Amino acid sequence: MKTVEVALSSIKPYWRNARDGDAAVEAVAKSIEDYGYNSPIVVDKEHVIVAGHARHRALLSLGWKKAAVLVVDLPAAKVKEYRIADNKTSELAEWQMPELIEELRELADPGDFQTFFPEIDLSRLLADSVGDAFGTPTDEEVAAAKDKLEGRFAEINARVLGDVVEVTCPHCAGDFSVSRREVLRDTADPDAAT
């Protein structure tokens, strides 16, 4: 395994790449512009991309002609496995929203990160999560809400009464009722909601 600088035109996208990175190219380009090219494209000995299709496209969109790549010396079967594993592992991690919100608040301009979170309105998230917007909860209120939420969703099935399910909001710990039909309407079994 070695890192070498190559012409981007000599790098070949894998012809059957199973991951569509179209939505990531703009964010990857912004990341490279803002923080540098710190995560090399991984290629096999023939310079076919193993990991980094979006990085390759982002570099091209930025007008780069050359870049360092990491050349792996793996058997063809292992290259296929690695390509799939590398693409899948990023999906397994989940954001811890309270920690993310605090990290974003410490940035000079959290709005700069909107490109990285297209599915979330960051300005609204940060405004909605400010303690003063709802009143700053006391330690006792936080503890009470936590106690109320613990195990609550595990009990939902046992609490189904007729056509109504009682639910506790994970954000405010308030109770509300939802029609069983609403809960089940998206199931694969069309008879389940009747």
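The values are calculated or read from the model by the stated rules, or taken from the named source; none is laboratory data. Since this is a predicted model, take the numbers as computed values, not measurements. Please note: Cβ atoms are built from the backbone with ideal geometry, for glycine as well, and neighbour counts cover all protein chains shown.
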Unmet requirement for residue 103, which otherwise passes all of (1) under 15 Å from the mean Cα position of the chain (by Cα); (2) part of a helix (DSSP H, G or I): (1)
Scope the range 107-116; condition modelled with pLDDT under 85 and either out of contact with any helix residue (DSSP H, G or I) (no Cβ under 8 Å at 6 or more places or on another chain) or outside any loop (DSSP other than H, G, I, E, B) (or both); matching residues: 108, 109, 110, 111, 112
Spans of strands (runs of 3 or more DSSP E) in the range 1-95 with at least 2 residues more than 25 Å from residue 118 (Cα to Cα) and touching a Phe, Trp or Tyr at 6+ places or on another chain (Cβ under 7 Å): 49-51
Scope the range 117-146; condition at pLDDT 65 or above, farther than 17 Å from residue 97 by Cα and loosely packed, with under 13 Cβ neighbours inside 10 Å; matching residues: 138, 139, 140, 141, 143
From the options 76, 67, 23, 93, residue that is at pLDDT below 95 and either more than 20 Å from the chain's Cα centre (by Cα) or over 30 Å from residue 127 (Cβ atoms) (or both): 76
Tally of residues being touching a residue at least 40 places away in the same chain (Cβ under 8 Å) and outside the structural domain of residue 27 (by TED's automatic domain parsing) across the range 51-105: 0
Among the candidates 61, 39, residue that is modelled with pLDDT of 95 or more and of a type in the set (S, T, N, Q): 61
Filter result for residue 32 (surrounded by 13 or more Cβ atoms within 10 Å (Cβ to Cβ) and at pLDDT 95 or above): yes
